[in-house]
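Everything on this sheet refers to the single structure shown next.
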Amino acid sequence: MAPPTPLERATNSVLRLVKEESYYHKELAHQETRISKLRTEIDAAKPDLDSNAPYMLKQEQTALEETKAVFGPLRDKISEAVQNLEEQIAITESDGAEGKEEELKKAREVVESGKKVAEQQE
């Protein structure tokens, strides 16, 4: 098996970062659900409520804020990776793209998805 080309590496890098960003969104939603549930339990003052529930709520809120803080730097990384991928596309096209049409098509699609993610605002 041949080693991956620079274009393949750049494409996979953007794909990995976009996937990582989607995982953080799932984690964010999960944390928000846990916080909401814990707040409801605290507000209802259930008799079987754990005595350290307020502390747990604070810990969950801290974790939520830390997750939110990841998005800015991650989007910067995605922007850089997209820029690198665009450069690799240009290099591959200038070197002659015979036999690499499928790889270039996939790279262009990944550039578009990476740009969409990088432009999102929380």
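The values are calculated or read from the model by the stated rules, or taken from the named source; none is laboratory data. The model shown is predicted, which means the values in this text are computed figures rather than measured ones. Cβ sites come from the backbone with ideal geometry, for glycine too, and all protein chains shown count toward neighbours. Just so you know, the surface numbers come from the protein's heavy atoms only, side chains and all, with ligands and any DNA or RNA stripped out. Shrake-Rupley method; radii C 1.70, N 1.55, O 1.52, S 1.80 Å.
Listing for the model above:
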item: Where a residue in region 4-15 is under 17 Å from Arg75 (Cβ atoms) and its partner, wherever it lies, is of a type in the set (Val, Ile, Thr) and open to solvent by less than 70 Å² (accessible area, probe 1.4 Å), with Cβ under 7 Å and at least six apart; result: Val14/Ile78; Val14/Val82; Val14/Val110; Leu15/Val110
item: Options Lys68, Lys105; residue that is at pLDDT 90 or above and out of contact with any helix residue (DSSP H, G or I) (no Cβ under 8 Å at 6 or more places or on another chain); result: Lys105
item: Boolean, Lys116 is more than 17 Å from the chain's Cα centre (by Cα), within 29 Å of Arg34 (Cβ to Cβ) and surrounded by fewer than 16 Cβ atoms within 10 Å (Cβ to Cβ); result: no
item: In region 18-74, the residues that are of a type in the set (Lys, Arg) and over 28 Å from Gln120 (Cβ atoms); result: Lys46, Lys58
item: Filter pass, Glu66 being open to solvent by 90 Å² or more (accessible area, probe 1.4 Å), assigned to a helix (DSSP H, G or I) and not basic (Lys, Arg); result: yes
item: Meets criteria (closer than 30 Å to Glu119 by Cα, of a type in the set (A, V, I, L, M) and under 20 Å from the mean Cα position of the chain (by Cα)) for Ile91; result: no
item: Flag if Lys19 is over 21 Å from Ala81 (Cβ atoms) and open to solvent by 90 Å² or more (accessible area, probe 1.4 Å); result: no
item: Flag if Ala53 is small (Gly, Ala, Ser), touching a helix residue (DSSP H, G or I) at 6+ places or on another chain (Cβ under 9 Å), surrounded by 11 or more Cβ atoms within 10 Å (Cβ to Cβ) and over 25 Å from Ser94 (Cβ atoms); result: yes
item: Pairs with Cβ under 9 Å, 6+ apart, first in region 16-27 and within 11 Å of Leu74 (Cα to Cα) and part of a helix (DSSP H, G or I), second open to solvent by less than 50 Å² (accessible area, probe 1.4 Å) and aromatic (Phe, Trp, Tyr); result: Glu21/Phe71; Tyr24/Phe71
item: Candidate set: region 1-16, residues that are surrounded by 13 or more Cβ atoms within 10 Å (Cβ to Cβ) and over 19 Å from the mean Cα position of the chain (by Cα); chosen: the one modelled with the lowest pLDDT; result: Thr5
item: Test: residue in region 34-47 that is in a helix (DSSP H, G or I), hydroxyl-bearing (Ser, Thr, Tyr) and over 29 Å from Val117 (Cα atoms); result: yes
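So that you can scan it fast, the table gives a plain yes or no per residue for (1) without any contact (Cβ under 8 Å) to a residue 40 or more places away in the chain; (2) of a type outside the set (A, V, I, L, M, F, W, C); (3) within 19 Å of Ser13 (Cβ to Cβ):
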position: Val70; (1), (2), (3): no, no, yes
position: Glu101; (1), (2), (3): yes, yes, no
position: Gly114; (1), (2), (3): no, yes, yes
position: Val117; (1), (2), (3): no, no, yes
